[in-house]
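*Asks:* Structure in structure tokens, see below.
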Amino acid sequence: MNDLETQKIINIDMRGQVCPACLLVAMDTLNRHKEALKNGSETLSIKTDNREATTTIPITAKNMGYSVTVTKIGSFYQICIGFFTPENKK
């Protein structure tokens, strides 16, 4: 079994919420799951329809050393936050 098969996904659906609430929830979750996110056993997935959150959350997470991807899916965005490695620094 590979690491992706054992990795836990923390799903947060924040559609309908606005910043700074989105950022505060993301930061609280990042801080509470810091060790698991840093060791790669967990990944945070946030669904939001707030465009501001697609900027504030990634900037904050990257400053904390995490890798971040933002994907537009239909009417919402999915922000995935995980462990920083040199391969995904960009």
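*Asks:* Which net charge results when you count Lys and Arg as +1 and Asp and Glu as -1 among the other residues whose beta-carbon is under 15 Å from that of residue 21? It would help to have the intermediate numbers written out before the result.
*Replies:* Details: positive: 15, 47, 51; negative: 13, 28, 49, 52.
Spelling it out: positives minus negatives among the neighbours equals -1.
*Asks:* Another question, if that's okay. Hey, any idea what Rg/Rh is for the chain, computing Rh the Kirkwood way over Cα pairs?
*Replies:* Numbers: Rg = 12.5 Å, Rh = 13.1 Å.
Taking Rh as the inverse mean 1/r over Cα pairs, Rg/Rh reads 0.95.
*Asks:* Residue 32 to residue 63: FRET efficiency via 1/(1 + (r/R0)^6), r the Cβ-Cβ distance, R0 25 Å, to the nearest 0.05?
*Replies:* Values: r = 18 Å, r/R0 = 0.71.
FRET efficiency, residue 32 to residue 63: 0.90.
*Asks:* Could you state the angle between the C-alpha long axis of helix 53-63 and the longest principal axis of the C-alpha atoms of the chain, as a value from 0 to 90 degrees rounded to the nearest 10?
*Replies:* The answer is roughly 30 degrees.
*Asks:* Follow-up. Compute, for segment 3-84, the length of the dipole vector about the Cα centre, with Cβ point charges of +1 (Lys, Arg) and -1 (Asp, Glu) only. Units Debye, rounded to 20.
*Replies:* Numbers: 9 positive and 8 negative charges, 33 e Å.
The calculation lands at about 160 debye.
*Asks:* Sum up the lysine pairs in the chain that clear both bars: alpha-carbon distance under 18 Å and a spacing of 8 or more or different chains.
*Replies:* Lysine pairs meeting the criterion: 11.
Quick note: the coordinates plus some simple rules give every number you see, no bench work behind them. What you see is a predicted model, and the numbers here were worked out from it, not measured in a lab. Note that we place each Cβ from the backbone using ideal geometry, even for glycine, and neighbour counts take in every protein chain shown.
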